[in-house]
Amino acid sequence: MEPSAEAHAAQIDRKGYTVIEHYISPEQLELGRAFIKQQAATRNGEYFCIHGIEELSGTMFAGLALSTPFKDRMAQLYRLQSGREPATEEQVFPVIRCLQGRSGLKQSHFYHFDATAVTALLPLYIPTEGEHCGDLIIFPNTRHIRFNALRNVIEKAVLHNTVSQKLVAFAVRRGWLKPIRLKLVPGNLYLFSGYRSLHANDVCDPSMLRATALFHFGNPHHESALARSLLGANKRRAKLDHNGLRPVN
Ligand SMILES: [Fe+2]
């Protein structure tokens, strides 16, 4: 039997992450991989990202984001972590991220906090050979959930600038900082608090493909107009609303 949301939340608090092994079946993994391969074939071997339910419509990724048990589990984790109810209209926001080629290298050691409290990561393709396999690097629970949107924005401005990101990357490479380093296994589901934990992926050999599906849920600042105007840059760039849907004109 799958552990309860309480057990998962306790593990995230204690260890910084939790994992559900073999979360999807080999057949589902093959379906997901077929979509990645089809998309990768049109991107000239370079980095790409696909955001939102609409862009992923008809894929297993949108299906998972829209499934009630999956959303319920994400919502339970949000409640347990934040002590608050999620916004009633909020949906799980899926993102496909594929590192390959030289442009994929620029995406490594890009330390950040997510805008949403709960992050689920489903690896699809992870290199297994060579020194650099794109491990997930987490500084677990670096900060608390901020319900003060302005404080969150200031904190992110300090930690999300190029200088601080390069400093953290340098310190990790030198071994001065010792974050958690996870060797990801395709088909497993990794859950952590992307909002509380500074995280990034390690370098990935440019000749290899590293593809992951990310699912985000639980915006602690859903009631803040300031946060709405300043956060969710990816979604704004993709011209999507907070649920990853294109606004109806
Ligand atoms: Fe993230």
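List of remarks:
- Within the stretch 180-194, if we keep just the residues that are assigned to a loop (DSSP other than H, G, I, E, B) and within 10 Å of the chain's Cα centre (by Cα), the residue that is surrounded by the most Cβ atoms within 10 Å (Cβ to Cβ) turns out to be SER193.
- Matching strands (runs of 3 or more DSSP E) fully within the stretch 46-136 where at least 3 residues are crowded, with 19+ Cβ neighbours inside 10 Å and within 16 Å of the ligand (Cβ to nearest atom): 93-99, 118-125
- Number of the exception - HIS22 against (1) outside any loop (DSSP other than H, G, I, E, B); (2) within 16 Å of PRO186 (Cα to Cα): (1)
- When the stretch 215-226 is filtered for residues that are of a type outside the set (S, T, N, Q) and either within 13 Å of the ligand (Cβ to nearest atom) or crowded, with 22+ Cβ neighbours inside 10 Å (or both), the ones remaining, listed by number, are PHE215, HIS216, PHE217, GLY218, PRO220, HIS221.
- Being aliphatic (A, V, I, L, M) and in contact with an Asp or Glu (Cβ under 8 Å, 6 or more places away or on another chain) is a property that holds for LEU80.
- Residue that is modelled with the lowest pLDDT, among those in the stretch 195-219 that are assigned to a loop (DSSP other than H, G, I, E, B) and within 20 Å of PHE70 (Cβ to Cβ): ASN219
- Tally of residues being away from the ligand (no atom under 16 Å from the Cβ), over 16 Å from THR18 (Cβ atoms) and polar (S, T, N, Q) across the stretch 167-214: 1
The values are calculated or read from the model by the stated rules, or taken from the named source; none is laboratory data. Keep in mind that what you see is a predicted model, and the values were worked out from it rather than measured. Virtual Cβ from ideal backbone geometry, glycine too; neighbours counted across all protein chains shown.
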